[in-house]
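Structure, as structure tokens:
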Amino acid sequence: MTSAYDTIVVGAGLAGVTAARELRAQGRRTLLLEARDRIGGRIRTEEFAGLPVDLGGAWIHWNQPHVWAELTRYGLAVTGDEEPEEVLIPTEEEPLALPADDVMTRVTDLLNRVFRGTDRYFPRPYDPLFRADALTEFDRCSLSDWLDRLELTEDERTMVASALSTELGGSSTRGAVSMLAQWWALGDLATHGYYSLVSLRPEAGMGALLDAVLADARTELRLDTPVAAIDDDGRRVTVTTRAGERFTADSAVVAVPVNVWPDIAFTPGLPGAHTATAGAGVGVPDSVKLWLRLATDRGPFLAQGAAGAPISTLMPHALVDDGQIMVGFSVDPALDITDHAAVEKAVRVLVPEAELLEYRAHDWGRDPFAKGGWGNRRPGALTTAHRELRRPHGGLVFAGGDLADGWAGCIDGAVESGLKAARAVADLDR
């Protein structure tokens, strides 16, 4: 069966749903295809311990303009998490508990040193290649490469790597230091702005924003419809599903994660920048997000794992009668998230006295339609590929939080990318 549309959007994550809404507003007959049985992509809101929780993307802040405008548009309330009173940091023996204010003072000093000069690389952080001439060498560095150039003690280096381990996917050698530095610039070149990355959330969960955008889009949506191939003959785009259905359109927005591009057969093939970026990957592999209800006598706390710990970070969310609800991250492929005892053992590496009462987790690395979690560019990717990835390729426009100019890898980046993709479709001369 072949059906004709003006534009087909592949992927109903926040970028795809936003693009579909904007395309519909342009008067285009738009089809939205989603491989899963739900919308959201790497956003997934569920109930846990009586609360709406996000097993995928969750956090936003008022310094992130695109998503904040969406929350304002739909009148969605926001809330925050419990502020930690102490921080547990790893030592060779037991974790050491320190006052949160003391740790933040020390971390602030270290991050100021790590990101010194960021204003030279990113004077206009929403235009990341504005100073590409100054950025090239810096962009080639992983965090580990960059720390090698700084005069840090071993303890200071360990603290920096621990503080940034989750964003980097657990390894200071994998991700580009330039991506962290751009977030630093977007956050007003200050620790408080950087940590707005994990600040506020929609009170009803991020799914409430998705539902509002989709309702506004009033577009045709097909779930359980994974795409097998996308062909562009120079006049029309044909999208073929794994079930053999064929849909044609003047143009298509490809809004699936970069790590999933190799699972779609593109004819003609993708440009070199797209192929290389997909091969290297953007979404952090082996990434797991967990929600946990812990029995512990501690007040609200944050716990950091050492490099290689089965859980890299535990963050406070809410106090409850028998302890507290926390959100955690793991990038350890050996952690069996289906085994309660294994998860509790991993928690006790960070919090030895804690009892795991219940938990919920999602493995984004093994999710076939994500193949990775939050976006984290590889060294050199910004200066060698980003501009090309943002350009239309024939009748195809690529979108997603992985490709944003601003808060790439974040909710705001997904909204920004969806908005820009719809404008790029309008500019195509087909």
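Residue check: Ala276 meets all listed conditions (1) part of a loop (DSSP other than H, G, I, E, B); (2) under 21 Å from Leu403 (Cα atoms) but one, namely (1). All of Leu164, Leu135 fail the test of being under 18 Å from the mean Cα position of the chain (by Cα) and outside any loop (DSSP other than H, G, I, E, B), apart from Leu164. Filtering the range 389-398 for residues that are more than 11 Å from the chain's Cα centre (by Cα), under 28 Å from Ala69 (Cβ atoms), free of Cβ contacts under 8 Å to residues at least 24 places away in the same chain and open to solvent by 10 Å² or more (accessible area, probe 1.4 Å) leaves a non-empty set. Contact map, the range 139-150: first residue over 11 Å from Pro379 (Cα atoms), second residue in a helix (DSSP H, G or I) and of a type in the set (Lys, Arg), Cβ cut-off under 6 Å, separation 6 or more or different chains; pairs are Leu147/Arg157. For Arg124, the conditions (1) surrounded by fewer than 18 Cβ atoms within 10 Å (Cβ to Cβ); (2) free of Cβ contacts under 8 Å to residues at least 40 places away in the same chain; (3) part of a helix (DSSP H, G or I) all hold with the exception of (3). Tallying residues that are within 20 Å of Asp363 (Cβ to Cβ), surrounded by fewer than 23 Cβ atoms within 10 Å (Cβ to Cβ) and of a type outside the set (A, V, I, L, M) within the range 288-312 yields 4. Looking only at the range 38-88, count how many residues are in a loop (DSSP other than H, G, I, E, B), acidic (Asp, Glu) and open to solvent by 50 Å² or more (accessible area, probe 1.4 Å). So the count comes out to 3. For first residues located in the range 399-411 and in contact (Cβ under 8 Å) with a residue 40 or more places away in the chain and buried (at least 24 other Cβ atoms within 10 Å of the Cβ), partners that are among the acidic types (Asp, Glu) and part of a loop (DSSP other than H, G, I, E, B) and lie 6+ apart or on another chain with Cβ distances below 6 Å do not occur. I'd like the full set of residues that are modelled with pLDDT under 90 and either part of a helix (DSSP H, G or I) or hydroxyl-bearing (Ser, Thr, Tyr) (or both), limited to the range 167-178. Within the range 167-178, Glu167, Leu168, Ser171, Ser172, Thr173 qualify.
Listed by first and then second residue, the pairs with beta-carbon distance under 7 Å, at least 6 apart or on different chains, first residue in the range 173-197 and at positive phi, second part of a helix (DSSP H, G or I) and open to solvent by 10 Å² or more (accessible area, probe 1.4 Å), are Leu189/Asp119. Applying a threshold of 9 Å to beta carbon distances and a minimum spacing of six or more residues, or different chains, the list of pairs starting in the range 309-326 at a residue that is within 16 Å of Thr91 (Cα to Cα) and outside any strand (DSSP E or B) and ending at one that is open to solvent by less than 10 Å² (accessible area, probe 1.4 Å) and of a type in the set (S, T, N, Q) reads Ala309/Ser330; Pro310/Ser330; Ile311/Ser330; Ser312/Ser330. Taking first residues from the range 263-290 that are more than 17 Å from His393 (Cβ to Cβ) and partners that are among the hydroxyl-bearing types (Ser, Thr, Tyr), the Cβ contacts under 8 Å between residues at least 6 apart in sequence or on separate chains come to Asp286/Ser330; Ser287/Ser330; Val288/Ser330; Leu290/Ser330; Leu290/Tyr359. For the range 206-229, the tally of residues that are buried (at least 21 other Cβ atoms within 10 Å of the Cβ) and in a strand (DSSP E or B) stands at 1. Annotation: of all residues in the range 89-105 being acidic (Asp, Glu) and free of Cβ contacts under 8 Å to residues at least 60 places away in the same chain, the one that is least open to solvent (accessible area, probe 1.4 Å) is Asp102. With respect to the conditions (1) out of contact with any Leu (no Cβ under 7 Å at 6 or more places or on another chain); (2) open to solvent by less than 10 Å² (accessible area, probe 1.4 Å); (3) more than 21 Å from Val331 (Cβ to Cβ), Thr275 falls short on a single one, namely (2). A search for C-beta distances below 8 Å between a residue of the range 354-380 that is farther than 30 Å from Gly323 by Cα and any residue that is of a type in the set (D, E, K, R) and open to solvent by less than 50 Å² (accessible area, probe 1.4 Å), counting only pairs 6+ apart in sequence or on different chains, returns Phe369/Arg36; Gly375/Asp402; Asn376/Glu167; Asn376/Arg174; Arg378/Arg174; Pro379/Asp139; Gly380/Asp139.
The values are calculated or read from the model by the stated rules, or taken from the named source; none is laboratory data. Keep in mind that what you see is a predicted model, and the values were worked out from it rather than measured. Using ideal geometry, Cβ is built from the backbone for each residue, glycine included, and neighbour counts are taken over all protein chains shown. Keep in mind that these areas ignore ligands, DNA and RNA; they rest on the heavy atoms of the full protein, side chains included. Shrake-Rupley method; radii C 1.70, N 1.55, O 1.52, S 1.80 Å.
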